[in-house]
Amino acid sequence: IWAAVLGVAQVGREDNFFALGGDSILSIQVVTRARQAGIHLKARDLFQTRTLAELAQAAAAATGGALAEQGMVQGDVPLTPIQRWFFAQAWPNPHHWNQAVLLALPEALDPSALRAAVQAILVQHDMLRARFIRSDAGWRQTIMPPDGDPPVVQRDLTLVEDADLTATITAECRAAQASLHLERGPLVRAVQFDLGAGRGARLLLVVHHLVIDAVSWGPLLEDLHTAYAQARAAQPIRLPP
């Protein structure tokens, strides 16, 4: 798990997580992956132990603890402090305040598997189904049930010349960035770019900042990768707690 999260080839018993390039955000990923593997850790364990061997001892002594209730969240949810701050700023266009990643892929994705995977993460990560409604009393947050139409767009750029490809992708990304709406939704959009043979592919993921932060991208992308692989293999999609 350390090697995968830190991007190193080998980890020894006496190695220190932070000396290998670890930080607080990566420590959360270690804890998440460990729990998925049945190893019970807390984030503070990585700060309180000096070496991998000492962390193993802490893990061996840990108890399983209670698993958070995994049912689907729906209905009104109080605004968090940072969400209240956001709406207090009175931005001229609060709908367009996003985080995004543009992934470079070696080959085109299977459209049906991608749609199934995006739908799965909408079910798994309830906040991605949030809507924010403005009233005389202020802004209200509600979590909607999932529907059968995942917010995935396919763009065929196979006929675009190499010289025009970057500008075309940039324009499509800007349009997707401006397509989110706090009240109507969606607050997440995926755009699949088919670039043609020999040029790979691109996948844009745009999420409104009210429902995602930098730490959230790690588990979100891992779940999307897992769900896509399962859907591509015609397997039931099962994601970890």
Criterion (surrounded by fewer than 19 Cβ atoms within 10 Å (Cβ to Cβ), under 18 Å from the mean Cα position of the chain (by Cα), of a type outside the set (Gly, Ala, Ser) and within 25 Å of Met127 (Cβ to Cβ)) met by exactly one of Val215, Val207: Val215
Return the pairs, sorted by first residue and then second, in which the second residue is open to solvent by 50 Å² or more (accessible area, probe 1.4 Å) and modelled with pLDDT under 95, the first residue lies in the stretch 109-125 and is more than 16 Å from Leu187 (Cα to Cα), the beta carbons are less than 7 Å apart, and the residues are 6+ apart or on different chains. Asp110/Arg232; Ala113/Arg232; Ala116/Ile237
Would you pick out the residues in the stretch 28-52 that are over 14 Å from Phe18 (Cα atoms) and in contact (Cβ under 8 Å) with a residue 40 or more places away in the chain? Thr32, Arg35, Gln36
Tell me the strands (runs of 3 or more DSSP E) entirely within the stretch 104-203 that contain at least 1 residues that are closer than 25 Å to Phe87 by Cα. 130-135, 138-143, 188-194
Does Thr170 count as within 18 Å of Ala108 (Cα to Cα), out of contact with any Lys or Arg (no Cβ under 6 Å at 6 or more places or on another chain) and not hydrophobic (A, V, I, L, M, F, W, C)? no
Selection from the stretch 218-241 of residues that are open to solvent by 50 Å² or more (accessible area, probe 1.4 Å), at pLDDT below 90 and among the small types (Gly, Ala, Ser): none
Looking at the stretch 84-104, is at least one residue touching a Cys at 6+ places or on another chain (Cβ under 7 Å), at pLDDT 95 or above and of a type outside the set (Phe, Trp, Tyr)? yes
Every listed condition ((1) in contact with a Gly (Cβ under 9 Å, 6 or more places away or on another chain); (2) more than 30 Å from Gln29 (Cα to Cα); (3) open to solvent by less than 20 Å² (accessible area, probe 1.4 Å)) holds for Pro151 save (2)
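Rundown of residues vs (1) on the phi > 0 side of the Ramachandran plot; (2) among the hydrophobic types (A, V, I, L, M, F, W, C); (3) out of contact with any strand residue (DSSP E or B) (no Cβ under 8 Å at 6 or more places or on another chain), yes/no style:
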{"position": "Ala163", "(1), (2), (3)": "no, yes, yes"}
{"position": "Arg174", "(1), (2), (3)": "no, no, yes"}
{"position": "Asp194", "(1), (2), (3)": "no, no, no"}
{"position": "Arg199", "(1), (2), (3)": "no, no, yes"}
{"position": "Leu204", "(1), (2), (3)": "no, yes, no"}
{"position": "Val207", "(1), (2), (3)": "no, yes, no"}
{"position": "Gly218", "(1), (2), (3)": "no, no, yes"}
{"position": "His225", "(1), (2), (3)": "no, no, yes"}
Does Leu165 satisfy the criteria of being crowded, with 21+ Cβ neighbours inside 10 Å, hydrophobic (A, V, I, L, M, F, W, C) and out of contact with any helix residue (DSSP H, G or I) (no Cβ under 9 Å at 6 or more places or on another chain)? no
Being at pLDDT 85 or above, open to solvent by less than 70 Å² (accessible area, probe 1.4 Å) and not hydroxyl-bearing (Ser, Thr, Tyr) is the filter; apply it to the stretch 40-58 and report the residue that is farthest from Asp213 (Cα to Cα). Ala53
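The values are calculated or read from the model by the stated rules, or taken from the named source; none is laboratory data. Just so it is clear, the model here is predicted, and its values are computed rather than measured. Heads up, the Cβs are rebuilt from the backbone with ideal geometry, glycines too, and the neighbour counts pull from every protein chain shown. Surface accessibility is based on the protein's heavy atoms, side chains included, excluding ligands, DNA and RNA. Shrake-Rupley method; radii C 1.70, N 1.55, O 1.52, S 1.80 Å.
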